[in-house]
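One structure is given here, and the rest of the page talks about it.
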Amino acid sequence: MVLRLRSLGTRPVLAVLATTVMVLVLTQIFRHRIPLGTVLAGTLYGALNGLLAVGLVLLYRVTRSINFAYGAMGGLPAAVAASFYLAHGWPWPVALALALVLGAGVGLAVGALVQWRFANSSRLILTVASIGLSQLLGGSALYVPRWMHGPVLITNFQTGLSK
């Protein structure tokens, strides 16, 4: 399968640029009503959700099935890294690097064990397999902190990137 990219032209770039300038000007004019920090936090969370959506769409375009394990594939490495950081005192950059390596490993394992094995089966079977995999990975992510003698529930913690 060859994916073709077509040129969108300069209109989307100009629209994003104009919106950015408008938001920055409005946050300076109405400082007490539209704080710049709130706008930047919303932009950050929106960009993260957008990247997740792009990844999910790309995965659908490749496999032609909805992968319900997509979020859990990142949740398990994140739980492992947070447990190493909170319970064992690992430096945050090392735990982050571990999460990225584990995330790539989980993605390869999901591809090898589920996606490639069920590639010639019906899309419904592949979708149901991804639901089961989501349950397995999500349940594992809930138990990882307990297995690693960390906090039972990881809620919020400070990192080097926190204020």
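The values are calculated or read from the model by the stated rules, or taken from the named source; none is laboratory data. Remember, it's a predicted structure, so these values are computed and weren't measured experimentally. These area figures cover heavy atoms from the full protein model, side chains too; ligands, DNA and RNA do not enter into them. Shrake-Rupley method; radii C 1.70, N 1.55, O 1.52, S 1.80 Å.
Which value at 222 nm does the chain reach when only helices count, each DSSP H run of 4 or more adding -39,500 (n - 2.57), with the total divided by all residues and rounded to the nearest 500 deg cm²/dmol?
-23500 deg cm²/dmol
Can you match Cα Rg over 2.2 N^0.38 Å to one of these, (i) 1.20; (ii) 1.32; (iii) 0.97, based on a calculation from the structure here?
After the calculation, the listed value that fits is (ii).
Ignoring ligands, DNA and RNA, how do 83, 134 rank by accessible area with a 1.4 Å probe, largest first?
Numbers: 83 0, 134 30 Å².
Descending accessible area places them as 134, 83.
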